[in-house]
Structure formats: C-alpha cells, structure tokens
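> Sending over a structure as structure tokens; questions will come in a sec.
The values are calculated or read from the model by the stated rules, or taken from the named source; none is laboratory data. Please read all numbers here as calculations on a predicted model, not as lab measurements. As a convention, Cβ positions derive from the backbone with ideal geometry for all residues, glycine included, and neighbour counts pool all protein chains shown. The accessibility values were calculated without ligands, DNA or RNA, using every heavy atom of the protein model including side chains. Shrake-Rupley method; radii C 1.70, N 1.55, O 1.52, S 1.80 Å.
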Amino acid sequence: MRTALVRRAVLTASAASLALLATACTSSGEAGPKADAKASAKPSPSASPTPEAKALTAAELEKATLADGDVPKVKIEKAGADDVAKAAEVSSDKPECQPIALVGSLAPVGKPVTTTERVGATEPTDPTNLLSMTITAVQLQSYDGKGAEEALASLKTAGQACAGGFVVTAKGEKTTIKSLVPATDAAGDDSVAWTVTMVQDGETMNSRLVVLRKGNNLASIQQVKFEGKAQTPQDFIDAQLKKLG
C-alpha cells in the first residue's frame, strides 16, 4: 500500500479522532476494536470458473463492494483517483515481482473486466495517538473465464520468488519491500496471504496482504498497522465474502 494513500486515510479520519478525544476528556470511551479472530479454516476446493464465466458488470460489482457500515467500527470510503494506479504506472526492479507490485498499488492484476477500490480506517484505540489506528485497502476485481484463477496463480508464483524483497515504483512513489513472509490465512475458493514489511520515505510499515478468489472474482485486502504486529483482517474477509455470496 502506498504511503500517500495511508496518509490521506489518516487525515480523513483525524476529524473523527478529535471528536473522540473531546468525548474521552469527559467520559470513558468505548474500547477499541477487538483483536482479529482466528483465520478461517482452510477452504474446501471448489469447482473452477468455466471458460464461459462472465465478469460482473460495473453495477453488479458495485453491489458486491464493501460499503460504509459493512465492517463494524470502520469508516469505509471510495479510494480517490490518486490512490488507484494503472498497470502502466507500476514497475518493480524484479520483473518476477510485478504481480505483487500491482496488487499492492491497487492496480489491476491480469485482465479484469471491472474493478472497485475502497479504503477503511478504524478509530484510534488511543484517542490521543493517531498511529493506534488501522488502515485497510480493498480491491475487488471481476474477470471473464479463468482470469481470476490465472491472476491468483501469478501472485502465488511472485510471492515465492520475491520473499527476499524488491522495490516498487507506483505513480512516481518508490517503496522498498523488505520482506514477504507467507501467512496461513485462508478464505473463499482459494487464497494466498503474506505479512509484508515495507519502507517508504524512511517510514517502516507492517501489513497483512490477503488475496482471495470467489468464483471468477478476486479480492485483495491489505491492512496496515502502525503499532504492533499485522494480523488477519478477518472482519474484512468475512464482510467481503458475505457480499460476494
């Protein structure tokens, strides 16, 4: 996830945080979000999309996209034009890492027909510390035929080849991925996940990146925590699978 996107999400949430701080000065606030639940059990293999499978239309994908209120205690908004990259605007110093560079930059992976992007921000668990909040970016992509399977396969291959790190340039912003460690999160018909450590402009961020397939749709969920270890974004996974049906 690009640092600029994270900064904008923090600024968007800051007004709510100040209101929360004012409330905390006169009364005890509600506790912060509960820790992520355990990752769901490994999904059972399901039938692959048929070659004739058609992508969701823009209107259908919009209905399947997370909206504000779908995830408790999280403000969800549409990602801005500056937050979403085109494939041509993303590059990696290692060609084999390009699929990871794309998904981390909210750029299309493979050849999706329709896409949507959303950004969610929690309230800080400590009202006096904005760094106690969590930022999550979600991209939903729908493909014809076996496009989602092929895109997920390319991500799995890239993850194996790029565990030692690489450098991403997206819309002129350079990010160094220090490590890509496989995680055991499992969801949907098929999925892959990593704990990602990245550095940009001298700032180190830890995130969990989960990419899941449901039929011929692919959802990428990247959650950044500024403090503490990155955990499974289970509330987002559950909410997204519910909307995909």
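> Can you tell me the length gained on complete extension of the stretch Lys174 to Glu96, counting 0.36 nm per residue apart and subtracting the Cα distance? All intermediate terms of the calculation are to be shown ahead of the outcome.
Values: separation 78, 0.36 × 78 = 28.08 nm, distance 1.74 nm.
This chain segment gains 26.3 nm when fully extended.
> Still on this structure, I have one more. Can you give the local net charge around Gly145? Use residues other than it whose beta-carbon is closer than 11 angstrom to its beta-carbon, Lys and Arg +1, Asp and Glu -1. Numbers along the way, then the final one.
Numbers: positive: Lys54, Lys111, Lys146; negative: Glu52, Asp144, Glu149, Glu150.
My count for the surroundings of Gly145 gives -1.
> Find how much the distance from Asp82 to Val167 grows on full extension, using 0.36 nm per residue of separation minus their present alpha carbon separation; answer in nm with one decimal.
On the way: separation 85, 0.36 × 85 = 30.60 nm, distance 2.00 nm.
Between Asp82 and Val167, full extension yields 28.6 nm more.
> What does the accessible area of Glu52 come to, in Å² to the nearest 10, when a probe of 1.4 Å is used?
Per-residue accessible area (Glu52): approximately 130 Å².
> Another one. For the pairs Lys54/Lys111; Lys54/Lys214; Lys75/Lys229; Lys75/Lys225; Lys54/Lys86, note any where the Cα-Cα span goes beyond 18 Å.
Working: Lys54/Lys111 13 Å; Lys54/Lys214 13 Å; Lys75/Lys229 21 Å; Lys75/Lys225 16 Å; Lys54/Lys86 22 Å.
Violating the 18 Å limit, Cα to Cα: Lys75/Lys229; Lys54/Lys86.
> Determine which aspartates and glutamates satisfy two conditions relative to Lys146: a Cα distance under 20 Å, and not lying fewer than 8 residues away in the same chain.
Glu52, Glu60, Asp189, Asp190
> If each residue of separation counts as 0.36 nm, what is the full-extension length gain between Leu131 and Lys229 once their alpha-carbon separation is subtracted?
Working: separation 98, 0.36 × 98 = 35.28 nm, distance 1.30 nm.
Going from the current span to full extension adds 34.0 nm.
> FRET efficiency for Lys75 and Thr204, Cβ-Cβ distance as r, R0 = 25 Å, nearest 0.05?
Given R0 = 25 Å and the Cβ-Cβ separation, E is 0.50.
> Across region 90-99, in residue order, what do the Karplus-derived ³J(HN,Hα) couplings come to in whole Hz, using 6.51 cos²θ - 1.76 cosθ + 1.60 with θ = phi - 60° and x for Gly and Pro?
Whole-Hz 3J(HN,Hα) from phi for region 90-99: 10, 9, 10, 6, 10, x, 5, 9, 4, x.
> Check each of the trypsin sites (Lys or Arg not before Pro) in region 209-245 and keep only those in coil by DSSP with at most 16 other C-beta atoms within 10 angstrom; list them in order.
Lys229
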